[in-house]
1. Which pairs have Cβ atoms under 6 Å, sit 6 or more apart or on different chains, and link a residue in the range 101-115 that is within 18 Å of PHE31 (Cα to Cα) and β-branched (Val, Ile, Thr) to one that is crowded, with 16+ Cβ neighbours inside 10 Å and at pLDDT 85 or above?
2. Within the range 42-97, how many residues are under 15 Å from ILE108 (Cα atoms) and either exposed (fewer than 12 other Cβ atoms within 10 Å of the Cβ) or of a type outside the set (Val, Ile, Thr) (or both)?
3. Out of the range 7-33, which residues are free of Cβ contacts under 8 Å to residues at least 40 places away in the same chain, farther than 14 Å from ILE105 by Cβ and either in contact with a Phe, Trp or Tyr (Cβ under 7 Å, 6 or more places away or on another chain) or not in a helix (DSSP H, G or I) (or both)?
4. Assess whether ILE33 counts as being loosely packed, with under 13 Cβ neighbours inside 10 Å, out of contact with any Leu (no Cβ under 7 Å at 6 or more places or on another chain) and over 24 Å from LYS120 (Cβ atoms).
5. Look at the range 37-89 and say how many of its residues are touching a residue at least 40 places away in the same chain (Cβ under 8 Å) and of a type in the set (A, V, I, L, M).
Amino acid sequence: MLKKIQSKTIIIQYFVLSMTLICSIMSLILFLILERGAFYSFAWGAGVIYFDLIALVLLGLLIFYKNLIALAIPVIVLKYPIIGIITYKIVNLEWFVVPWFVAGIATILPASLLLLVFIKVKKLELTSTTKDT
């Protein structure tokens, strides 16, 4: 069971790495090229989805590995209103740009694809080292 947890932790680390890499590159490009509203909107969108996923993973590990199923219902029920309130507050700001906020939220897609590439490369490394021995 410990090996299973360690493998999932490595996948989470790769996902955090890929999400951070993509968000940093895009934020830097937007900061240097476009107006500040686009940069802020993208950064808030990416931040919302980033922290949502991190909280989901950490709470998921806590809930399912410690068998705290009763904690799952309040987490699911309270997570979306909190995200909704944050999004509502951000949308009402004067510098907010909707397409860049959505682009920030959509960074989960290239981060997931980059995670798949990391996993494939890691599996290739593992299979090549086991065949050599």
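1. Here the result reads ILE105/GLY45; ILE105/ILE49; THR107/ALA46, each pair linking the range 101-115 to a residue that is crowded, with 16+ Cβ neighbours inside 10 Å and at pLDDT 85 or above.
2. Total satisfying the criteria: 12.
3. Correct list: PHE31 only.
4. Answer is yes for this residue.
5. Total meeting the criteria: 8.
Each row is one residue, and each column tells you yes or no for (1) assigned to a helix (DSSP H, G or I); (2) under 20 Å from ILE12 (Cα atoms); (3) at pLDDT below 80.
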| site | (1), (2), (3) |
| --- | --- |
| TYR50 | yes, yes, no |
| PRO74 | yes, no, yes |
| TRP95 | no, no, no |
| ALA103 | yes, no, no |
| LEU124 | yes, yes, yes |
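The values are calculated or read from the model by the stated rules, or taken from the named source; none is laboratory data. Nothing here was measured: the structure is a model prediction, and the numbers come from that model. Reconstructed Cβ throughout: ideal geometry from the backbone, glycine too, with neighbour counts over all protein chains shown.
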